[in-house]
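Report on the structure given below.
The values are calculated or read from the model by the stated rules, or taken from the named source; none is laboratory data. Everything numeric here is computed off the predicted structure, so don't read it as measured data. Positions of Cβ are generated from backbone atoms using ideal geometry, with glycine treated the same way; all protein chains shown enter the neighbour counts.
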Amino acid sequence: MSLRLAVLGSGSGTNMQSIVDAIEAGTLDAKIVCVLSDVEGAKILDRAARHAIPARYVSCAPFKTKLDGEAQETYIRMMKEAGADTVVLAGFMRIVKQGLLEAFPGRVLNIHPALLPAFPGLESWKQALDYGTKVAGCTVHFVDAGTDSGPIIVQKAVPVEEGDTPETLHARIQVQEHIAYPEALRLLAANRLRIEGRRVRILAP
Ligand code: GAR
């Protein structure tokens with residue numbers, strides 16, 4: 001079934017771009033129906049506008065780290081009005097709460113720049129480097145009530161190289177993110193994902 005995606009982001013929007021590129025290349029059966037950002041002037045909004053995707057800054061005040069209260073209601077209303085059936089968190093730097101999860105049950109996805117359950121939270125590539133892991137990576141997962149804790153759909157490993165800085169490691173993780181997110185959405189669009197407890201089973205095509 002063709003997906004109708006609402007993308008939420010706070011930053012540069014390279015993950016949203018990888019989804020746009022997959023749709024335009026005909027390799028992902030989906031349409032981005034709206035892009036919402038909690039950051040005024042975020043680059044993700046410009047990127048969306050360049051592809052004629054409706055894009056809006058929507059304040060999350062008075063909250064600093066979560067999407068809750070009236071702001072959450074506004075986000076849900078705008079996504080529903082746009083006809084979204086799936087919410088894609090793409091560098092959205094806030095915790096989403098129960099209200100949004102209940103409005104889109106089993107249909108909220110996130111990408112995280114680490115091999116979860118290692119290094120949840122912020123700047124995970126830096127956490128991995130500081131910890132001294134030899135392998136970093138990224139994870140696409142369904143969102144649950146916890147932080148970066150939902151059932152895992154796709155993971156990609158990225159070797160840590162001698163001489164890596166947080167920036168060089170994050171850049172190589174992002175290359176894999178841009179493969180992983182369209183891959184996870186392709187599986188969702190093909191109805192090949194089944195959540196069983198903590199596990200996501202991937203059905204054969
Ligand atoms: C990505 O690396 C994403 O994994 C990370 O923010 C970046 C957004 O980049 N997300 C988180 O850290 C969420 N906790 P983008 O705006 O270019 O897609």
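Kindly indicate the residue of region 89-140 that is more than 9 Å from the ligand (Cβ to nearest atom) and among the acidic types (Asp, Glu) and also nearest to Pro182 (Cα to Cα) among those meeting that condition. Here the answer is Glu102. For the residues Leu5, Leu36, the requirement of being within 13 Å of Tyr75 (Cα to Cα), at pLDDT 95 or above and assigned to a strand (DSSP E or B) singles out Leu36.
Looking across region 1-33, the residues that are hydroxyl-bearing (Ser, Thr, Tyr) and closer than 14 Å to His178 by Cβ come down to Ser12, Thr14, Ser18, Thr27. For Gly163, indicate whether it is out of contact with any Phe, Trp or Tyr (no Cβ under 7 Å at 6 or more places or on another chain) and modelled with pLDDT under 95. Considered against the rule, which asks whether it is out of contact with any Phe, Trp or Tyr (no Cβ under 7 Å at 6 or more places or on another chain) and modelled with pLDDT under 95, Gly163 comes out as no. Quick check, is Val58 touching a strand residue (DSSP E or B) at 6+ places or on another chain (Cβ under 6 Å) and free of Cβ contacts under 8 Å to residues at least 24 places away in the same chain? Criteria met by Val58.
Within region 144-165, identify whether any single residue is touching a residue at least 60 places away in the same chain (Cβ under 8 Å) and under 22 Å from the mean Cα position of the chain (by Cα), and answer yes or no.
no
Check region 116-133 and report whether any residue there is in contact with a Ser or Thr (Cβ under 6 Å, 6 or more places away or on another chain) and under 26 Å from Ala30 (Cβ atoms). Talk me through it step by step, then tell me what you get.
Initial filter on region 116-133 (in contact with a Ser or Thr (Cβ under 6 Å, 6 or more places away or on another chain)): 116, 120.
From what's left, under 26 Å from Ala30 (Cβ atoms): 116.
Yes - at least one qualifying residue is present in region 116-133.
Can you find, within region 61-73, the residue that is surrounded by the fewest Cβ atoms within 10 Å (Cβ to Cβ) among those that are within 11 Å of Leu100 (Cα to Cα) and touching a strand residue (DSSP E or B) at 6+ places or on another chain (Cβ under 9 Å)? Top of the filtered list is Asp68. Restricting region 8-33 to residues that are in a strand (DSSP E or B) and more than 15 Å from the ligand (Cβ to nearest atom), the residue that is surrounded by the most Cβ atoms within 10 Å (Cβ to Cβ) is Ala30. Within region 143-159, the residues that satisfy the criterion of being hydrophobic (A, V, I, L, M, F, W, C), more than 16 Å from Gly91 (Cβ to Cβ) and buried (at least 20 other Cβ atoms within 10 Å of the Cβ) are Ile153, Val154, Val158.
Of all residues in region 169-196, those that are farther than 14 Å from Ser18 by Cβ and touching a residue at least 40 places away in the same chain (Cβ under 8 Å) have Cβ atoms under 7 Å from Cβ atoms of residues that are acidic (Asp, Glu) and more than 11 Å from the ligand (Cβ to nearest atom), 6 or more apart or on another chain, in Ala189/Asp29.
One residue is enough: does region 179-195 have a residue meeting the conditions within 16 Å of the ligand (Cβ to nearest atom), modelled with pLDDT of 95 or more, surrounded by fewer than 18 Cβ atoms within 10 Å (Cβ to Cβ) and of a type outside the set (Asp, Glu)? Checked region 179-195: at least one residue is within 16 Å of the ligand (Cβ to nearest atom), modelled with pLDDT of 95 or more, surrounded by fewer than 18 Cβ atoms within 10 Å (Cβ to Cβ) and of a type outside the set (Asp, Glu).
One line per residue, one yes/no per condition, for (1) closer than 23 Å to Ile153 by Cβ; (2) buried (at least 22 other Cβ atoms within 10 Å of the Cβ):
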residue	(1), (2)
Lys43	no, no
Ala90	yes, yes
Ala103	yes, no
Ala118	yes, no
Lys126	no, no
Val135	yes, no
